Structures are given as structure tokens and as C-alpha cells.
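Novice: Submitted below is the structure of interest, expressed as C-alpha cells.
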Amino acid sequence: LTVAGFYYVYRNKHFYTFVRAPPIGVVTTTVNIPKSTVRGLDLDFEARPFDQLTLRGGVTYIKTKVGDYLAYDNFGAVSNLKGSEFNFAPPWSGTFDAEYRTPLSTNLEGYVGGSLLYNSRTYSDLGEKSETRLRSYTVMDARIGVGSQHGWRLGLWARNLTNKYYWTAISPGVNAQGKFAGMPRTYGVSAGMRF
């Protein structure tokens, strides 16, 4: 079990946001914000209740703050972002993974496992505007396979097993809004050889 607290002070940290670009209006780009801070707590664990089962996980809480900074929103209005959260920085995030391994024969070992990823709500732009709010989501993955003492392994995996629909970014506009979806359910095969 590992627990850590942290506090960061940034000078000229890069943020992705809007700037004025006459005569176009506003465009997205990267800007430097003079001062910003992050404080938080991180907890990680690994446990083996018995030889074949391994459990791993972690939880992170962060409190992010932008310093004194005048910024533009997607409509070109000016606002002071002092005290706002960082964009793409969910206050809570967590992971959990479980894997069970067992001998199948004298040369083969089988495994089955699953994992969860959780992100709480966040925003895709600075200023915490409701139109750029990204909802919280949980994604589940799974895997199963075999490995040989001779060095080869073969497995099947599935990502986003429940086919959860979620957004990774929102780009608001004057007459429309672009929302970027996370990957849908995906399957695959993995193979490897150790020499």
C-alpha cells in the first residue's frame, strides 16, 4: 500500500484553450498561464490474497487551480479564470485490476483478468462552462489467454466491454457543438514470443 500527498506550483504551464484571431473570431491553441497549482492525494495498492490471484488498484484526488488570467471563451467574451479548474483534469480518477493465473499442464499456464477505469466529471476548456462539461464514466476491460514455459503466449482481449458511450472532448461553436466519443467496444488478439 502506497499513499502520497503532493503539491505543485507551475509557472507558465501550457493549457489548450481559445484565443482571439481577427478577423476569424476565436480559435483554439495552446497558451501559457503565468501561475497555477495542483494539490492532491494518491493511493495505490497491490495484494495477493493467494498465489494465483493478483489485485492492483489506485485512486487519485486532485484540486487544480488556475491563477490570475484573462481568457476568451468560444464566443470571444473575456473572463478571469482565477480559481478555475484545469481542463481535462478530473478531480477523481481510479483504476482496479484483477488477474487469476493457474497451471493448465506442466508447460502451460492460463490467465483471466479484468480491469476498471473511472474518471469523474471534468471540462474540455478552462472556465468550467456547462457546455464543455465532460460527464464521469467507467470503462471495463477483460482478457484471457495462455502462456508456455517455452516463451510463447497467446491471448484474447476486449476493451470497453460494456460498450460505454462517453466523450473525451467537447468543442463548442456558435451554431454547433463537436463532441468526440471514446472508443467503443473493441476486441483483439495478442501474441508474443520471448527468446
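The values are calculated or read from the model by the stated rules, or taken from the named source; none is laboratory data. The structure displayed is predicted, hence computed values, not measured ones. When we count neighbours, we look across all protein chains shown, and the Cβ atoms used for this are built from the backbone with ideal geometry, even at glycine. The protein model used for the area step is the full one, side chains on, heavy atoms only, and it has no ligands, DNA or RNA in it. Shrake-Rupley method; radii C 1.70, N 1.55, O 1.52, S 1.80 Å.
Novice: Kindly list the number of the only condition in (1) open to solvent by less than 40 Å² (accessible area, probe 1.4 Å); (2) more than 20 Å from the chain's Cα centre (by Cα) that fails for ILE24.
Specialist: (1)
Novice: Listed residues TYR137, TYR111; which is within 30 Å of ARG39 (Cβ to Cβ), in contact (Cβ under 8 Å) with a residue 24 or more places away in the chain and of a type in the set (Phe, Trp, Tyr)?
Specialist: TYR137 is the lone residue from the list that is within 30 Å of ARG39 (Cβ to Cβ), in contact (Cβ under 8 Å) with a residue 24 or more places away in the chain and of a type in the set (Phe, Trp, Tyr).
Okay, residues lined up against (1) in contact (Cβ under 8 Å) with a residue 60 or more places away in the chain; (2) surrounded by 15 or more Cβ atoms within 10 Å (Cβ to Cβ); (3) assigned to a strand (DSSP E or B); (4) β-branched (Val, Ile, Thr):
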residue	(1), (2), (3), (4)
ALA158	no, yes, yes, no
LEU161	no, yes, no, no
ILE170	no, yes, yes, yes
LYS179	no, no, yes, no
PRO184	no, no, no, no
GLY188	no, no, yes, no
GLY192	no, no, yes, no
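Novice: Hey, among LEU81, LEU55, LEU41, LEU126, which residue is touching a residue at least 12 places away in the same chain (Cβ under 8 Å), under 28 Å from GLY5 (Cβ atoms) and open to solvent by 70 Å² or more (accessible area, probe 1.4 Å)?
Specialist: Matching residue, one of LEU81, LEU55, LEU41, LEU126: LEU41.
Novice: OK, next. Can you find even one residue in region 65-74 that is crowded, with 17+ Cβ neighbours inside 10 Å, under 24 Å from VAL146 (Cβ atoms), touching an Asp or Glu at 6+ places or on another chain (Cβ under 9 Å) and touching a residue at least 40 places away in the same chain (Cβ under 8 Å)?
Specialist: No, region 65-74 contains no residue that is crowded, with 17+ Cβ neighbours inside 10 Å, under 24 Å from VAL146 (Cβ atoms), touching an Asp or Glu at 6+ places or on another chain (Cβ under 9 Å) and touching a residue at least 40 places away in the same chain (Cβ under 8 Å).
Novice: While we're looking at this one, here's another question. Looking at PHE15, PHE6, PHE86, can you tell me which residue is touching a residue at least 60 places away in the same chain (Cβ under 8 Å), open to solvent by less than 70 Å² (accessible area, probe 1.4 Å) and not in a loop (DSSP other than H, G, I, E, B)? Give the derivation first.
Specialist: Working: PHE6 fails: touching a residue at least 60 places away in the same chain (Cβ under 8 Å); PHE86 fails: not in a loop (DSSP other than H, G, I, E, B).
Only one candidate passes the filter, namely PHE15.
Novice: Restricted to region 112-123, and to residues that are open to solvent by less than 40 Å² (accessible area, probe 1.4 Å) and modelled with pLDDT of 95 or more, which residue is farthest from GLY155 (Cα to Cα)?
Specialist: Narrowing region 112-123 to residues open to solvent by less than 40 Å² (accessible area, probe 1.4 Å): 113-115, 119-120, 122-123.
Now narrow it down to the ones that are modelled with pLDDT of 95 or more: 113-115, 119-120, 122.
Numbers: GLY113: 11, GLY114: 13, SER115: 15, ASN119: 27, SER120: 31, THR122: 34 Å.
Once the filter is applied, the top-ranked residue is THR122.
Novice: Return the total of residues in region 18-59 being at pLDDT 95 or above and not in a strand (DSSP E or B).
Specialist: 1
Novice: Further, regarding this structure: Has region 95-110 got any residue that is within 26 Å of TYR10 (Cβ to Cβ) and either surrounded by 13 or more Cβ atoms within 10 Å (Cβ to Cβ) or at pLDDT 95 or above (or both)? Don't jump to the end; show me each part of the working.
Specialist: Taking region 95-110 and keeping what is within 26 Å of TYR10 (Cβ to Cβ), we get 95.
Cutting the leftovers down to either surrounded by 13 or more Cβ atoms within 10 Å (Cβ to Cβ) or at pLDDT 95 or above (or both) gives us 95.
Within region 95-110, one or more residues are within 26 Å of TYR10 (Cβ to Cβ) and either surrounded by 13 or more Cβ atoms within 10 Å (Cβ to Cβ) or at pLDDT 95 or above (or both).
Novice: Return yes when ALA142 is without any contact (Cβ under 8 Å) to a residue 40 or more places away in the chain and open to solvent by 50 Å² or more (accessible area, probe 1.4 Å) and no when it is not.
Specialist: no
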